[in-house]
Amino acid sequence: MTANVLISRHEAEPQIAEMFERQSSCELSVRDEQAFQDQWFPLGDIVLVSSSQADGASTNAVRRGAFEWSLPQLEEARTNLFDALRIGPDERKNALLLKAVDRAMDEIASTPVRVGLTHPIFDPAALEEMPFRRSTTVVLDTSGILQGGLDFVARHLHPAARVKIPAIVHMEIVNFTERFFSIRRADTAKPARRISLLLEHLKSQGGHRTLLRIELQTDTEMERTYLLGDPLRSAFQPERDSNLSDLNISTSIRAYVDRLIVEAARHHQAQSSPEHAVRLLTSDQGLARMALAEGVKPLYFVATGAARLFGERLSGKSLDPFSGHLRETPLSEVLWELATAFGSVRLKNGQDSTFELTALGRDLPWAPYHAKDDLLWCRHTRGAGARAMNGDSAQVGDTEERRASSEIRSIAANRRRGSASGTLLRFSVDRIIRLICMLDDRVEMTGPEVAEVLETRRGGDEYRRFLESAGLVSVMNGTWRAEGHLQGLSAALRHERVDEVRKILLTAPSFAAFSERVRKLSVGQTLHISTMGRGKFTYRVLGEMTLICASGSNADIFPTPTVPDAAAFARIALSRFSGLDGGDGLVATGAWLESLISHDGIHPEIARRRLQEAGERGFLRRSTEGSTTQMRFDDRIVHVLRTRSGWPVVEPVHLYRGDYLIPGKGSVSLRIEEPR
């Protein structure tokens, strides 16, 4: 493949793995096409460690973070950066240029922190509070976004921690972007301009990607503040009026942005209950001192500088600092972050094969769906000794029609294999998910190993029948082996991609038969669970997890095919709320969710997302009150897919507990109003 094509991280993983097929190491380099004038800046070597020679094992290693990244020594990296920026020996003696290059090196060092390969160094007093045991709002400054603090909060302190981003912080990142494109459009013949271009590129695009990633790819609760005029603004501007000279405000006060960030934290603190904690995340000493003086506790951390990072060896597998569980960072995630921060990233192996990703190029267009689906432009050039890997997913150049046709043929073939009946089986959904992920890790497992994972002495016959019928495993001589789409199912489960999970599970005839029974129901009709036999609870959980159904008050199953947009959902939400409101302007959250299930066919997970989106876009106003759970409704449960410490789990969600609709809040009564 030589042309640039759009590609997602999941689609890129087999091609990344192909780069390591003949040798385990690849050179890693990055480029800003204008600051570096098409030269590449080397960032060390990456070694992929695969424990198996089976087809797809390298792809699994890429996906599971089985790599080591050796960065060059600090002086070597600084020299390479001088060369990439075309700064000559005489110019390297310029103190201002040296200082600017060191700033750029520190910004480069923040990139692996944002993807979790290393952690920010927190103040001991802040670390003592972690992980948070009560609902906490973390207010950010710009350094918290750029230097990995926000990613740490989303990765390790959520869901107890909610994030509040002052509008002025986002404006600062927009200003970085404006400066970046302004310099990019101008003449960059002078070295100082090229360094400034690189620095603004790293800050603006790195910051934007962090906000987009947290907003679109995680379930971290994020709030924004209004950008309103500040009555103290005159104190931050020169005052020319001679009549006011006695007030001593003729000199502008610095750190106006810091003042607004602290005010956002203080305002949230004033609006919250006394037991709700508010913390200000920053690596700025001045802002931390200002926060302390204003009665706001800072979450202060030391930014990772170039001196601490370069010369180190980073691993894609690390321990969670609080749970001790193994956390895995896919190699594709690292490449995506580098491509966005610099513009392009490249892997090159000894066979002259190259894998290049570009986020920003002269002739490459961009559209909002690129950010939503996390797509980048890819160019994969294979050397003379390279060959395409077998057993991995379809090439990126396939058309959607070919992919759909291939999937249909695959589903049909799988349904002909194994058990072709739609008989419902009985097994634990949590345990089968754990087994799928373990098989993805190991490729093969013995019978005793499988029995240990399933916590059963009977060999897991119904687990085997379900997985074999979908073509996900083969069992010979007591050994279970991953087959077909099992790797894709594992990745979809780990990343909570429910649509992909549903598509792959439909290759199992029993789940397909259950899904067909639900599909034939009209909205409001029920499938009586008593008619489903011994596997009724298993398939109810699978259906709820994949969003095709939800249970009502008597545990019977309602279809949930309706997926409205935010505007349409706002109208439905207001109508259902009005019908349930007894006159006090409040409705139990569970009653409102159950009404959407039974009357409109909307799954609670869809309702949860659309309620937040409709509120943010101004289609409705929502608020909550009360915190006493009505225990008589505590059996109203829906099962949802979640990821905890890198492992997918099925969590039962209590509809009548308020922390489902608004995480971190115990409010059980909901108010929905027309926008003003």
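The values are calculated or read from the model by the stated rules, or taken from the named source; none is laboratory data. In this text the structure is predicted, and so the values were computed from the model without any measurement. Here the Cβ positions follow ideal geometry from the backbone for every residue, glycine too, while neighbour counts run over all protein chains shown.
Points worth noting:
- Check on residue 291, of a type in the set (Gly, Ala, Ser), within 24 Å of the chain's Cα centre (by Cα), surrounded by 21 or more Cβ atoms within 10 Å (Cβ to Cβ) and modelled with pLDDT of 85 or more: no
- Evaluation of residue 143 against the conditions (1) part of a loop (DSSP other than H, G, I, E, B); (2) in contact with a strand residue (DSSP E or B) (Cβ under 6 Å, 6 or more places away or on another chain) shows that the sole unmet condition is (1).
- Just one of the listed residues (68, 129) is within 30 Å of residue 642 (Cα to Cα), surrounded by fewer than 22 Cβ atoms within 10 Å (Cβ to Cβ) and touching a Lys or Arg at 6+ places or on another chain (Cβ under 7 Å), and it is 68.
- Residue selected from the range 200-248 under the condition polar (S, T, N, Q) and modelled with pLDDT of 85 or more, by the criterion farthest from the chain's Cα centre (by Cα): 204
Residue-wise test of (1) surrounded by fewer than 17 Cβ atoms within 10 Å (Cβ to Cβ); (2) closer than 27 Å to residue 375 by Cβ; (3) at pLDDT below 90.
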site	(1), (2), (3)
33	yes, yes, yes
59	no, yes, yes
82	no, no, no
96	yes, no, yes
107	no, yes, no
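- Residue match in the range 190-198 (condition: in a helix (DSSP H, G or I), in contact (Cβ under 8 Å) with a residue 60 or more places away in the chain, surrounded by fewer than 22 Cβ atoms within 10 Å (Cβ to Cβ) and of a type in the set (S, T, N, Q)): yes
- Index of the failed condition, residue 440 passing every other in (1) buried (at least 17 other Cβ atoms within 10 Å of the Cβ); (2) within 14 Å of residue 493 (Cα to Cα); (3) without any contact (Cβ under 8 Å) to a residue 40 or more places away in the chain: (3)
- Criterion (of a type in the set (A, V, I, L, M), surrounded by 22 or more Cβ atoms within 10 Å (Cβ to Cβ) and modelled with pLDDT of 90 or more) met by exactly one of 169, 139: 139
- Of the candidates 548, 504, 529, the single residue that is more than 15 Å from residue 641 (Cβ to Cβ) and either touching a residue at least 24 places away in the same chain (Cβ under 8 Å) or not assigned by TED's automatic domain parsing to the domain that holds residue 646 (or both) is 529.
- Among the residues listed as 344, 353, 323, 318, the single one being in contact with a helix residue (DSSP H, G or I) (Cβ under 8 Å, 6 or more places away or on another chain) and either outside the structural domain of residue 16 (by TED's automatic domain parsing) or not aromatic (Phe, Trp, Tyr) (or both): 353
- Each residue in the range 112-138 was checked for being out of contact with any His (no Cβ under 7 Å at 6 or more places or on another chain), among the hydroxyl-bearing types (Ser, Thr, Tyr) and farther than 15 Å from residue 302 by Cα, and 1 pass.
- Check on residue 345, part of a strand (DSSP E or B) and either at pLDDT 90 or above or touching a Leu at 6+ places or on another chain (Cβ under 7 Å) (or both): yes
- Close pairs from the range 635-651: first touching a residue at least 24 places away in the same chain (Cβ under 8 Å), partner part of a loop (DSSP other than H, G, I, E, B) and aliphatic (A, V, I, L, M), Cβ under 6 Å, at least 6 apart: 636/655
- Elements of type helices (runs of 4 or more DSSP H) in the range 446-513, at least 1 residues being among the acidic types (Asp, Glu) and surrounded by fewer than 18 Cβ atoms within 10 Å (Cβ to Cβ): 447-454, 461-469, 498-505
- Helices (runs of 4 or more DSSP H) enclosed by the range 36-116 - at least 2 residues per element that are free of Cβ contacts under 8 Å to residues at least 60 places away in the same chain and not assigned by TED's automatic domain parsing to the domain that holds residue 326: 74-84, 95-114
- Residues in the range 573-604 that are without any contact (Cβ under 8 Å) to a residue 12 or more places away in the chain, small (Gly, Ala, Ser) and part of a loop (DSSP other than H, G, I, E, B) were compared, and the one that is surrounded by the most Cβ atoms within 10 Å (Cβ to Cβ) is 582.
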